[in-house]
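Enquirer: Could you have a look at this structure, given as structure tokens, before my questions?
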Amino acid sequence: MAQDQEVSRREFVKAAGAVTAVAAAIPAVHGAPAVQKVRAANDQVQFGIIGTGSRGQYLLKHLKGIDNGRCVAACDINADALKKGVDFIGTKPKEYKDYRELLASKDVDAVIVTTPLFVHFPVTRDALMAGKHVFCEKCLVFKPEEVHALRALHLERPKQTLQTGLQRRYSNFYQTVKQMVDKGILGKVHHIHAQWHRNMINKPSSLWTMKPDGEKNIANWRLYRSMSGGLTAELTSHQVDIADWMFGSQPEFVMGLGSLDILKDGRDVYDNIQLIYKYPNGQKMTYSSISTNQFLPYFNGGRAEMGEIIMGTEGTVELTVGGDNPGVLFQPPIAWWYREPPKAAAETSKADAKKKEALVAGATMVAGGGANGPIPIMTGDLNFTGKESFIDKEVKFARRWLTSKGVILQEEQKNPVDTELESFFDCCRTGKPPIANLEIGMADSIAVILSNQAMDEGRKVYFNEIEKMGRKG
Ligand SMILES: NC(=O)c1ccc[n+]([C@@H]2O[C@H](COP(=O)([O-])OP(=O)(O)OC[C@H]3O[C@@H](n4cnc5c(N)ncnc54)[C@H](O)[C@@H]3O)[C@@H](O)[C@H]2O)c1
């Protein structure tokens, strides 16, 4: 984590503004640089990482165990963060302070962008212009003008992979729930509730605690609207993406309330946001993120902070991606399914009606409801393939039984972060489009921009307004 930041934000912004000139200095082949060819004989994509702070180091820890990519370059404006990143990966990458020099290297096929949000666009733009494939952390872009500019640039360069860091899209649990939604297992899915509640007072995370020099210190970028989208960008972005995915569309409009109630240490981002998204066909997502209490009223209160509830006419699913950082979120992804009580059979006689009255008066209905869940959701690795040995089949049978009874929790076969990174390198090599592609990243960024606008202006903001925002003239 960049603690002692020497470069002031103003200096940094100036440097970021100079990128256009330098982009022109990046070696060009026949005008625009060609897409960097993935050339390693061993099929490894040679990548550079830009921004080796908290997320960069976390990804590098994962990247260490991924063999279809090799880190050959690393860059950070903070020497301490750069050293940590280089030590984590252990492949002796070439070190850079200026990302434009890294982009000029012919050894680099692809870049991973883990800079603060306000620096995503300049780095991603320059990387694409230098012919590199790009994996950029969420949110892809920060401002409306960047939405339009990046779309246009990507259209010109369709052969370059551009993937957004929305790891839930790569989780087996989330993919299973999406299949349940699409197959109608939950009936008509019309409502989603999601929350991400943290307690920053009792357990202040180093990421969010104010460092010296306030807004002048780039280490505080998350706490200022000039550099960050606040809770909406850092947390809601993951979950509004899930709602878009499950509902299969983007919202029509968003309304909400945001305020800074408790963490009044000089920051200007909200510490309490409440949002309602209206999707086509009346579907809605209600959303809450607060910074002063981490209770999660899902999974019988057994998890903390974040999760989503997907509700349909035939059932409900609660799910969370958990996390693998030591602390409150050191827990694997899980999903629980609850079925709605069966529809009452039509009464055929007065005697039937009397019988029903008696049931409602007693506790039978409640007992019936309890029998409908929760059912822990299992993912594909517990399916029988018919190719198992006798022992493997017995083990699988036992695991299925214990999982269905809630005795053991099924773990994700692979951490979704590993899957998204492996998948990125695979897309770079094969030209396959990424799952979390440009449009998914864009929809996510647009939702963040417009949600903040809805709270700031206290009005309903329509999603088609983005087309007119940030355009010159
Ligand atoms: N997908 C997820 O779940 C997830 C989780 C955490 C963070 N993130 C995202 O990752 C990004 C980085 O977050 P973080 O927590 O690592 O922040 P951070 O402040 O810890 O790290 C950012 C690093 O970028 C460096 N940097 C800034 N400008 C630079 C430049 N021009 N060139 C090179 N380096 C530069 C900083 O010195 C710092 O070391 C954010 O966009 C954040 O939203 C995503």
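Bear in mind that the values in this text are calculations on the coordinates, not laboratory data. It should be emphasised that the depicted structure is a prediction, and the values quoted were computed from it without experimental measurement. As a convention, Cβ positions derive from the backbone with ideal geometry for all residues, glycine included, and neighbour counts pool all protein chains shown.
Enquirer: How do the peptides 280-289, 316-325 rank, highest first, by the average count of neighbouring beta carbon atoms within 10 Å per residue?
Expert: Ranking, from highest mean packing down: 316-325, 280-289.
Enquirer: Listing Tyr270, Tyr298 from the residue with the fewest other Cβ atoms within 10 Å to the one with the most, what is the order?
Expert: Tyr298, Tyr270
Enquirer: Just order 81-94, 47-60, 155-168 by mean Cβ neighbour count inside 10 Å, highest at the front, would you?
Expert: 47-60, 155-168, 81-94
Enquirer: Multiply the residue gap between Ala344 and Lys92 by 0.36 nm, knock off their C-alpha separation, and tell me the result in nm, one decimal place. The partial results should precede the final answer.
Expert: On the way: separation 252, 0.36 × 252 = 90.72 nm, distance 6.69 nm.
Gain on extension, Ala344 to Lys92, equals 84.0 nm.
Enquirer: For a quick check: sort Asp265, Asp426, Asp444 by the number of other beta carbons within 10 angstrom, fewest at the front.
Expert: The order, fewest Cβ neighbours first, is Asp265, Asp426, Asp444.
Enquirer: Same structure, new question: Rounded to the nearest 0.05, what FRET efficiency do Thr292 and Asp182 give with R0 = 51 Å and r taken as the Cβ-Cβ distance? Could you check?
Expert: Calculated value: 0.85.
Enquirer: Suppose the chain between His190 and Asp381 were pulled fully straight at 0.36 nm per residue; how much longer would it get relative to their current alpha carbon spacing?
Expert: Residue separation times 0.36 nm, minus the Cα-Cα distance, leaves 65.8 nm.
Enquirer: Just want the ordering: Phe330, Phe425, Phe390, from fewest to most Cβ atoms lying within 10 Å of their own Cβ.
Expert: Taking fewest neighbouring Cβ atoms as first place, the list is Phe390, Phe330, Phe425.
Enquirer: Let me know the Rg and Dmax you get for the stretch 120-260 when you use only its Cα atoms, in Å.
Expert: Calculated on Cα positions, Rg and Dmax stand at 17.9, 53 Å.
Enquirer: A further question on this structure: Could you check the spin-label model distance between Met255 and Glu156? Points 7 Å from the Cα along Cα→Cβ, value in nm.
Expert: 4.2 nm
Enquirer: Still on this structure, please answer the following. For the stretch 109-198, evaluate the Debye formula with one uniform point scatterer on each Cα (no solvent term) and list log10 I(q)/I(0) at q = 0.11, 0.15, 0.21, 0.25 Å⁻¹, rounded to two decimals.
Expert: -0.46, -0.73, -0.97, -1.17
Enquirer: To the nearest 0.05, how large is the calculated FRET efficiency for Val395 and Lys472 if R₀ is 56 Å and r is the Cβ-Cβ distance?
Expert: 0.35
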